[in-house]
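Data block below; observations after.
Quick note: the coordinates plus some simple rules give every number you see, no bench work behind them. Here the structure is a predicted model, which is why all the values come from computation and not from measurement. Every residue, glycine as well, gets a Cβ built from its backbone with ideal geometry; the counts of neighbours run over all protein chains shown.
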Amino acid sequence: MTDTGWYPWDEDLKNSRSRSHLFRYVLARGVIEKDDLVVDAACGMGAGSAFLARHCRHVFGIDISPNAIHQARQKFGAIGNLSFIEADLDRTELPGCDVAVSIETIEHLVDPERFAKELRRAARKFIVVSAPIIRCLPHPFHKHEFNEQSFKKLMVGDGWDWWGYFGQGHLPAAPGNTVNGTYLVGILARW
């Protein structure tokens, strides 16, 4: 995975990109319970991880960028139930958790199938994910693009299926998609 250099909340929340990213963490908050262990895969500078840590037992924020992890530790290091780990999600085994969160990650990875399987292995209750579902290549940091059907298919398996999903963004449904929006945002549950 490549460090993109952009992280939510770097900008003011008047920026729609930051607000839509924050909304995905609010969605994740809805399935997290006080005693849960949470993994935030591709946590960036840790603001989403810090938000989630207020609502659970512990959050492991993981990112490939040494700079992002350094910034996260500086900003949020005093939060006792929050740890930041520098690691490449293309190679890392995720810690076991109750809820895995992965916001705009999978399109950046060399092997999205391996990562989807790793999310399913690590999580016990829920997986909260999002990815762009429009044509976005060529893009300097994206290695894959998905439509609604290919992303939904990629994420299911090993006893996991979609609990709910929706499109987010201002665009009408792209050809082949049934949801409006730029991103597919959803929650998977083990059935």
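The alpha carbon centroids of segment 30-49 and segment 82-96 are separated by 13 Å.
Are there trypsin sites (Lys or Arg not before Pro) in segment 55-151 that DSSP puts in a loop and that have at most 16 other Cβ atoms within 10 Å, and which ones?
On the way: sites: R57, R73, K75, R91, R114, K117, R120, R121, R124, K125, R135, K143; in loops: R57, R91, R135, K143.
Those satisfying the criteria are R57, R91, R135, K143.
Suppose a student asked you for the relative contact order of segment 41-141, using Cα pairs under 8 Å spaced at least 6 residues apart; what percent would you report?
Numbers: 158 pairs, mean separation 24.6, N = 101.
That works out to 24 percent.
Quick check for you: which residues of segment 33-50 have the amide N under 16 Å from the point 7 Å beyond the Cα of N81 toward its beta carbon? In segment 33-50, the label zone of N81 (backbone N under 16 Å from the point 7 Å along Cα→Cβ) covers 33-40, 48-50. Hey, with R₀ at 22 Å, roughly what FRET efficiency would R91 and T178 work out to, going by the Cβ-Cβ distance, to 0.05? Efficiency for this residue pair is about 0.05.
Which entries of K34/K143; K75/K152; K34/K125; K125/K152; K34/K75; K117/K152 have Cα-Cα distances beyond 25 Å here?
Where the Cα-Cα span goes over 25 Å, the pairs concerned are K34/K143; K75/K152.
Rounded to 0.05, the FRET efficiency of the K34 and V156 pair, given R0 = 25 Å and the Cβ-Cβ distance, is 0.30.
Expected output is a single nm value to one decimal: the length gained when fully extending between Q149 and H170, i.e. 0.36 nm times separation in residues minus the C-alpha distance. What is it?
Numbers: separation 21, 0.36 × 21 = 7.56 nm, distance 1.93 nm.
So the chain would gain 5.6 nm between Q149 and H170.
For the chain, pairs of C-alpha atoms spaced more than 26 angstrom apart make up 24 percent of the total. The longest stretch of the chain left intact once loop-based GluC sites (Glu not before Pro) with at most 14 other Cβ atoms within 10 Å are removed from consideration, loops following DSSP, is 94-191.
Compute the Cα gyration tensor for segment 98-191, then decide on rounded, prolate or oblate, letting a ≥ b ≥ c be the square roots of its eigenvalues: rounded whenever a/c is under 1.5, prolate when a/b is larger than b/c in the other cases, and oblate in all that remain. Because a/c hits 1.5 or more and a/b fails to exceed b/c, segment 98-191 counts as oblate. The translational diffusion coefficient of segment 88-150, from Stokes-Einstein at 25 °C and 0.890 mPa s with a Kirkwood hydrodynamic radius over alpha carbon pairs, comes to 200 µm²/s.
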